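Let me begin by presenting the structure, written as structure tokens, before commenting on it.
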Amino acid sequence: MKTRISAAVLLLVLTGATTAACGTPARTPASGAQTDALVPFGRSVPNLTDGQQRRLDRLERRIVDDCLADRGVEAEPVDLPPPAAVSDEMPAWNPYGLLTEDFAAKEGYGVTGPVLRGEPSLREEPARDTGDDEEAYDKALTGTEAHERTVRLPTGESFTVNTDGCQFRAGEELYGRGWDRLMYTYQFLANHVVEDVERAAEVKRARSRWASCMADAGHPVPAGSSAREPVEKRTETAKGEGTGETEALRAAARYELAVARNDARCQQENGLRKAVSDAQRTVEQPLADKHRESLADYARALDKAVRRL
């Protein structure tokens, strides 16, 4: 039977990015590389590139497949494609949807270019044949209730995990003992930070100015969505154009560059990055102080895994 298993989740992908903007405070200096995205606790936690994260996912999948094979499960190995070249110029996580003008001018959002170049999709993963005994496959992959454990996080939340599953054990092998606990602790803390940052008054004002600026540029963005969404939809539509696909993709790429350049410009002109940076610094400091040890352990686990790449 063909099935799909979700890629290992390292970071929560939060919504709300790129929804706002034009009053016009003084233009702030251009930000650095696109990989220098603002992420919660970024001063102590490594900010991986998208390429690094995808290589870690591939390595973790290989460990899972070896574990399944050792247990006699006849499942087709998952052959995740290597990351596209542009993925090393993108952050693994960009919770606020911030975009640099240099990257926008060259790659837009990094959506259509890889498709035109015939590079691997940044989203799709291959289906796998799990063999005739799907129940045996599921038990080997995710574990059994006999080995279920409830883990309480320092943030107060808890989660359950089956410690005999290949998925759990692959995470422990790659990142170290207690990986799930560290990962979920970071995710809960990061989620809290991003939500509070988006509620900050100055961030709301900057996003409102940004939205006005985008509308003036001919790219209105509905509240609660991002400027990137129509780009992704247009690219997906172009991929199904049959004999006219190449030209449709080129048109989608031109559209993407136009939207992204204005997106980055409007962010820059309206001080969105500075507003987010200032708000995040204020919001995360108490949490960073309270959970310093957990964040340090999480950072060490990431460093340990990255050294294996």
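Bear in mind these aren't lab numbers, they're just calculated from the coordinates by the rules spelled out. Everything quoted here is computed from the prediction, not taken from an experiment. So basically every Cβ, Gly included, is an ideal-geometry build from the backbone, and we count neighbours across all protein chains shown.
Summary table below
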| read-out | value |
| --- | --- |
| Contour excess over end-to-end distance, with Cα ends at His192 and Glu247 and 0.36 nm allotted per residue | 15.5 nm |
| Largest-first ellipsoid semi-axes for the range 231-272, taking √(5λ) over the Cα gyration tensor eigenvalues, angstrom | 28, 8, 4 |
| Förster-model FRET efficiency, 22 Å R0, Glu202 and Arg43, C-beta, rounded to 0.05 | 0.60 |
| Solution diffusion estimate, µm²/s, Stokes-Einstein, the range 49-103, Kirkwood Rh from C-alpha pairs, 20 °C, viscosity 1.002 mPa s | 163 µm²/s |
| Viscosity 1.002 mPa s, 20 °C: Kirkwood-radius Stokes-Einstein D of the range 179-218 over Cα pairs, µm²/s | 178 µm²/s |
| Mean separation of Cα contacts under 8 Å, 6 or more apart, over the residue count of the chain: relative contact order % | 32 percent |
| Those lysines that a straight Cα-Cα span of less than 26 Å connects to Lys304, excepting residues fewer than 8 apart in one chain | Lys290 |
| Nonlocal amide H pairs with Arg149, under 5 Å, H built at 1.01 Å | Val161, Asn162, Thr163 |
| Whole-number D in µm² s⁻¹ for the range 42-194, Kirkwood Cα-pair radius fed into Stokes-Einstein, 10 °C, 1.306 mPa s | 89 µm²/s |
| Helical contribution to [θ] at 222 nm, DSSP H n ≥ 4, -39,500 (n - 2.57), averaged over the chain, rounded to 500 | -16500 deg cm²/dmol |
| Whichever lysines have a C-alpha closer than 22 Å to that of Lys274, once near sequence neighbours (fewer than 8 apart) are set aside | Lys204 |
| Dimensionless Rg ratio for the range 154-235, taking C-alpha atoms and the 2.2 N^0.38 Å reference | 1.67 |
| FRET E, pair Lys290, Glu172, Förster distance 30 Å, beta-carbon r, rounded to 0.05 | 0.70 |
| Fully extended contour minus Cα-Cα distance, from Thr237 to Thr282, at 0.36 nm per residue | 12.0 nm |
| Crossing angle, helix 179-199 versus the chain [Cα axis fit, 0-90 degrees, rounded to tens] | 20 degrees |
| Placed amide H near Thr49: partners under 5 Å, 5+ positions off or other chain | Ala92 |
| Length-normalised contact order of the range 140-253 in % [C-alpha pairs under 8 Å, at least 6 apart] | 13 percent |
| Extension gain, Asp70 back to Glu157 (0.36 nm per residue minus Cα-Cα distance, nm) | 27.9 nm |
| Rg(Cα)/(2.2 N^0.38 Å) for the range 225-309, N = residue count | 1.72 |
| Radius of gyration, Dmax [the chain; alpha carbons; angstrom] | 21.0, 64 |
| Relative contact order for the range 134-188, counting Cα pairs under 8 Å that sit 6 or more residues apart, in percent | 31 percent |
